[in-house]
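Before any comments, here is the structure.
Each value in this text was obtained by applying a stated rule to the coordinates, not by laboratory testing. Every value quoted in this text rests on a predicted model; they were computed, and no experiment measured them. Because the Cβ atoms are built from the backbone with ideal geometry, glycine has one as well, and the counts that use them run over all protein chains shown.
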Amino acid sequence: MSIRMAVFGTGYLGATHAACMAELGHEVLGVDVDAEKIERLRSGDVPFYEPGLPEILRRNIESGRLSFTTSYEEAAEFADVHFLGVGTPQRRGDYGADLKYVHAVIDTLAPLLRRPALIAGKSTVPVGTASDLAERLRQRAPAGDDVELAWNPEFLREGYAVKDTLEPDRIVVGVKPGGQAEALLRDVYATALQAGTPYLVMDYATAELVKVSANAFLATKISFINAMAEVCEAVGGDVTLLADAIGYDDRIGRKFLNAGLGFGGGCLPKDIRAFMARAGELGADQALTFLREVDSINMRRRTRMVELATAASGGSLLGKNVAVLGAAFKPQSDDVRDSPALNVSGQMQLKGANVSVYDPKAMDNARKIFPTLDYAESVTDACEKADIVLVLTEWQEFRDLDPAALEGIVRNKVVADGRNCLNAPKWTEAGWTYRALGCAAA
Ligand code: UDX
């Protein structure tokens, strides 16, 4: 069954959701206030790097199932389901989530809704937002109670966004009981449901919490292994072997136990801080004090990396040439938001190092937010006369590096592995000094 839907916000979340919904056979209108972005999308150009998305976008524009507009009137006229996929950035001045974009969509769209419609929120919001928005809608939509709200969080990972949207692990729906919303969303996700994907129906608050608590758990798992890395460094253990060994226990699992520079990006750091801020507002701050520790373990990794680079450079970075491989917050992405790699690069520059950065996809974004760093054209260009080479994002291109190929290019054969992603024996056998976060030699 093909459903007519609009997706508000065409960033990572909205653009992917719009294209994937069209791929499933629905008729989709992507909506954004940014006319330039809409123009690019219309011409089949994805404004960010996401493997597989450009192909799906173009295919569905050509088939006529996917189009884009800046007009809310057109969207209100066209769609029966309106997805909210706008951003909820960190508020200026504190760690809470800023809901101005979500409110702007509701306030502009609601007065235009004159017939039954479903608004399905996908953005990550503080718990309690959905019930406020339902009230806001009721006050502003001429169709009144015929306009329903559902909360339908999204769990996609950058780099795997298409797969995560087309084949989600689960579909979570927060709805008021007894409405049409639940049945309509079952039709939206019919393909995944036929494939056996769990469909979990709950109240608004729990649906909102599923998203933030999943992210809090993932962040905690990463910081747990990074805390173990600190202990390994102190006692001379190896955190990768430790992670492999504990990961064999099914109850623990090996995923998200990769120690190193820690988490960055547009979601985990911001979401755990917003979660703590919200818990404080609700009087439940004690329940989440451990997340403060999760955050500080994570931020400590960046400083630790700078210390490791300093020690491996003979005690000072002043005047040293440092090659940094990686700028994106993780591989398969050009996103540099809260990127540990760029944070470490900036800290080293402040200590007087000449930092040359190379990333396969994130150079343009990195240049925009960190224009004072030097940017290289290739790995070899970045490594020219380097006193030390740092691998800070685990792109396959860097994992596969042949140390012999850098012979005669670097000044010193010293490599620091911020992601525990290199084959250490390969580097040491080639005569390199190998250092990593969380292992004895660090
Ligand atoms: C995350 C959640 O995974 C996703 O479900 C949610 O919808 C949005 O936030 P994303 O930010 O795309 O997705 O990236 P993710 O793959 O989770 O990685 C986050 C960060 O953790 C990256 O900086 C990554 O390098 C780091 N990480 C991940 C580790 O340091 N170690 C690990 O073992 C795994």
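From the residues in the range 205-251 that are farther than 30 Å from G174 by Cβ and of a type in the set (S, T, Y), which one is farthest from the ligand (Cβ to nearest atom)?
Y248
Can you tell me which residue among Y160, Y189 is closer than 30 Å to G52 by Cβ and without any contact (Cβ under 8 Å) to a residue 40 or more places away in the chain?
Answer to the check: Y189.
Out of the range 142-156, which residues are touching a Ser or Thr at 6+ places or on another chain (Cβ under 9 Å) and either over 20 Å from G196 (Cα atoms) or more than 13 Å from the ligand (Cβ to nearest atom) (or both)?
L149, W151
Limited to the range 137-167, what total is found for residues that are of a type outside the set (A, V, I, L, M, F, W, C) and surrounded by 17 or more Cβ atoms within 10 Å (Cβ to Cβ)?
9
Of all residues being outside any helix (DSSP H, G or I) and more than 15 Å from the ligand (Cβ to nearest atom) in the range 338-357, which is surrounded by the fewest Cβ atoms within 10 Å (Cβ to Cβ)? Just the residue, please.
Of everything passing the filter in the range 338-357, G352 is surrounded by the fewest Cβ atoms within 10 Å (Cβ to Cβ).
Show the residue pairs meeting these rules: Cβ distance below 7 Å; 6+ apart or different chains; first residue within the range 103-118 and hydrophobic (A, V, I, L, M, F, W, C); second residue surrounded by fewer than 13 Cβ atoms within 10 Å (Cβ to Cβ).
L112/E73; L113/P142
List the helices (runs of 4 or more DSSP H) that sit entirely inside the range 98-170 and contain at least 3 residues that are of a type in the set (K, R).
Once the helices (runs of 4 or more DSSP H) in the range 98-170 are filtered for at least 3 residues that are of a type in the set (K, R), what remains is 129-140.
Can you go through R278, R254 and tell me which one is over 27 Å from Q347 (Cα atoms) and either touching a strand residue (DSSP E or B) at 6+ places or on another chain (Cβ under 6 Å) or more than 13 Å from the ligand (Cβ to nearest atom) (or both)?
R278
Of R292, R254, R301, R273, which residue is of a type outside the set (S, T, Y) and under 17 Å from L392 (Cα atoms)?
Result: R301 is the single residue among R292, R254, R301, R273 that is of a type outside the set (S, T, Y) and under 17 Å from L392 (Cα atoms).
Kindly list the number of the only condition in (1) over 24 Å from D98 (Cβ atoms); (2) charged (D, E, K, R); (3) within 11 Å of the ligand (Cβ to nearest atom) that fails for D335.
Every condition holds for D335 apart from (1).
Counting just the residues of the range 171-204 that are under 24 Å from the mean Cα position of the chain (by Cα) and part of a strand (DSSP E or B), which one comes out nearest to the ligand (Cβ to nearest atom)? Write out each step before concluding.
Our first condition is that a residue be under 24 Å from the mean Cα position of the chain (by Cα); within the range 171-204, this holds for 171-174, 189, 192, 197-200, 204.
Okay, now just the ones that are also part of a strand (DSSP E or B), so 171-174, 199-200.
Values: I171: 14, V172: 12, V173: 16, G174: 16, Y199: 18, L200: 16 Å.
Only one residue fits best here, namely V172.
Would you check which residues across the range 1-35 are under 15 Å from D45 (Cβ atoms), in a helix (DSSP H, G or I) and in contact with a Leu (Cβ under 7 Å, 6 or more places away or on another chain) and list them?
Listed by number, the residues that qualify are A15, T16, A18, A19.
Where the second residue is β-branched (V, I, T) and surrounded by 14 or more Cβ atoms within 10 Å (Cβ to Cβ) and the first is touching a residue at least 60 places away in the same chain (Cβ under 8 Å) and closer than 12 Å to I119 by Cα and lies in the range 165-182, which pairs have Cβ atoms under 8 Å and are six or more apart or on separate chains?
A181/V173; A181/V175
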